[in-house]
Amino acid sequence: MAVVKLLKNLCQIRQVAAALVIHQPSGELFELFDSLVLLSSGKCVFSGSLEGLPDFYRDTFKTDYPAQHMVPNRLLKEATAGEAEGFFDEDVLEQIHRQGLLETKALTSRPRIPPTTWVVFTTVFTRNLTNHYVRNLGNVAARILLYTALSAIDGAIFWQVAQPESEGGALPLASSLVVIGAFTFLIMISFLLPFAMIPIFVFDKKFFAAESALGLYSPIIYCISQALLETWILTICALCEACVIIPMGGFWNPVLPRWGAFFTVCGSLIASGLAGSGLVLVCTMVFPSQDLAFLAGSGVVTVALGVSGGFVPFPSMEDWISWLQWVSPCKYSLQALAIGQFGNSNSEIILEVSALNTPNSVSANIGVLLGFYVVFTVGTVLALSRQREVR
C-alpha cells in the first residue's frame, strides 16, 4: 500500500503515468487508481476512468454496483463468470478496445511539463541528505569524533611545539621542522579519513546507474549536491580539529590576531578535506570495484604525501622525482598551514629553507586545493556519465 501511494505521489509530481499490473487489489488500494483496464479471456472488456465503472458494471452484469470496498473482488468474480456465460459480445469488445486505444492516445499525447532544474536538484539533494546523513547519524557522529580524536592525539604528540622559548622570539630551526611534522599529521587526517566514504560512494554509483536509464537527472546535479553535503560535514570536522589542535600545539602566528590564525587553519583544513574527499569520490566512480578504487586512491595519496615536503624537504629531493610535488594536493595543504603559521613572523626563514613558499600565500594555496577539487569533480561527472546499469 505504501509503495503504491509513493508511486502515485511521484507520478503527480513528475506528471507521468505509471502502469500497474495487479491481480487481487484491496478496496483501499483500488481507490488509488485513476483508470482501469480490465481483461477477460485475453481481451479488454473495460478501459477508461473509474468514474465510468459503475455504469459498465450495471449494464454488463445486470446487477447493482457493490460497496466501494467490495468492488475489486466482485468485479473479478463477475468478469470470471462472464467468460463462461458469454456476457461479452464480440462487437462490444471491439468497440471497447477501440475506445481504449483512443483514450491511451489522448493520454500519451498530453504535453508533459518537465520539472525545473531546481526541483530536480532539491530532490536529489534531499534524498542524499536523508539517506547518507539524517538516517545515518551514527556515521556522521563517528566521522566528527574521529577527526576530533585524531587531532587531539596530534596535539598530544606535538604539545606546544610552536611556542617559542621567549615571547616574540623565533623558533629554532629544529622546532620549526617539528611543527611541519605536526602539520603533516593533520594532512594525513584530511586525505586518509575520506576513504571511509567509499561504501557510500559505491552505493551512489550503482543507484545512479539504475536511474540514468530513465534520464531523471544529470551527473552534474549529483556532484553539486554531494559537494555541498561534504562541505558542511567537513566544515564541522575542521572546526573541531582547529578547536583542539591550535591550543594544544600552540599554533598561533604572533603577527596575526587569534581569530585570524584560527580561521586560517580552519580554512586550510576545509580545503584539504574537500580535495581528499574529491579524490576518493573520483576513484570510486572511475574504477569498477570498491577494492580497485581503494587501491588506486590509497596509492595516489601515499605518493602525494611522500612528495608533500613534510617527510623530506624539497631541496633534499632529486630533480627527477621532486617535480611530482606540483601535482600533489598534499603539498599545497602543507604550504597553506605552514605559511599561516610562519608567514611574516620571525620564523619565516623555515619557509625558504624547506621551499614551502610556492605559491607564497595561504589564499593561493587554498585556491589550488579548490582547483584540484574542481578537477576531481569534473572527472566524477565524466565517469558517471559513462555508467550503465548491469543486469
- prompt: Is the shape of region 1-44 rounded, prolate or oblate, going by the alpha carbon gyration tensor and its root eigenvalues a ≥ b ≥ c, with a/c under 1.5 for rounded and a/b larger than b/c for prolate?
  reply: oblate
task: Towards the positive end of the charge dipole of region 120-390, with charges on Cβ (+1 Lys, Arg; -1 Asp, Glu), say which of LEU334, LEU279, THR123 has the farthest Cα.
output: THR123
query: Relative contact order for region 120-390: what is it in percent, counting Cα pairs under 8 Å that are at least 6 residues apart?
result: 27
- line: Per-residue accessible area, 1.4 Å probe, largest first, puts ARG258, ARG14 in the order ARG258, ARG14
statement: In deg cm²/dmol, rounded to the nearest 500, the helical mean residue ellipticity at 222 nm of the chain, built from -39500 (n - 2.57) for every DSSP H run of length 4 or more, is -21500 deg cm²/dmol
task: Would you mind getting the accessible area per residue of the chain, heavy atoms of the protein chains only, 1.4 Å probe, in Å²?
output: 53
- prompt: What is the total of Lys pairs in the chain with C-alpha atoms under 22 Å apart, excluding same-chain pairs fewer than 8 positions apart?
  reply: 5
message: Rounded to the nearest 10 Å², what accessible area does TYR65 have for a 1.4 Å probe in the complete protein model?
response: 60
query: What GluC sites (Glu not before Pro) does region 309-391 have in DSSP loop regions with at most 11 other beta carbons within 10 Å?
result: GLU318
- request: Working from Cα positions, state the angle (0 to 90°, nearest 10) between the long axis of helix 173-192 and the longest principal axis of the chain.
  value: 10
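On the accessible surface of region 120-390, probed at 1.4 Å, how many percent belong to carbon and sulfur atoms?
Of all accessible area on region 120-390, carbon and sulfur atoms account for 69 percent.
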- line: Magnitude of the Cβ-charge dipole (Lys and Arg +1, Asp and Glu -1) of the chain about the Cα centre, nearest 20 debye, reported as 120
- request: Would you mind checking which residues have amide H under 5 Å from VAL45's amide H? H placed 1.01 Å from N; only 5 or more apart, or other chain.
  value: LEU38, LEU39, SER40
field: Angle between the chain longest axis and helix 258-286 axis [Cα atoms, degrees, rounded to 10]
entry: 50
task: Would you tell me the accessible area of TRP326, worked out with a 1.4 angstrom probe on the heavy atoms of the protein chains, in Å² to the nearest 10?
output: 120
query: For SER175, what accessible area in Å² do you get when you roll a 1.4 Å probe over the heavy atoms of the protein chains, rounding to the nearest 10?
result: 40
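Could you rank the peptides 232-244, 177-189, 21-33, 121-133 by their average count of other C-beta atoms within 10 Å per residue, with the highest value first?
Ranked from most to least packed, the peptides come out as 177-189, 232-244, 121-133, 21-33.
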query: Can you give me the relative contact order of region 184-311 as a percent, contacts being Cα pairs under 8 Å and 6 or more apart?
result: 42
message: I'd like the distance between the alpha-carbon centres of region 209-268 and region 289-315, rounded to an integer number of Å.
response: 21
- request: Kindly express, to the nearest 10 degrees and within the range 0 to 90, the angle between helix 329-342's C-alpha long axis and the longest C-alpha principal axis of the chain.
  value: 50
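The values are calculated or read from the model by the stated rules, or taken from the named source; none is laboratory data. These figures come from a predicted structure and were not determined experimentally. Cβ sites come from the backbone with ideal geometry, for glycine too, and all protein chains shown count toward neighbours. For accessibility, only protein heavy atoms count, side chains too; no ligands or nucleic acids. Shrake-Rupley method; radii C 1.70, N 1.55, O 1.52, S 1.80 Å.
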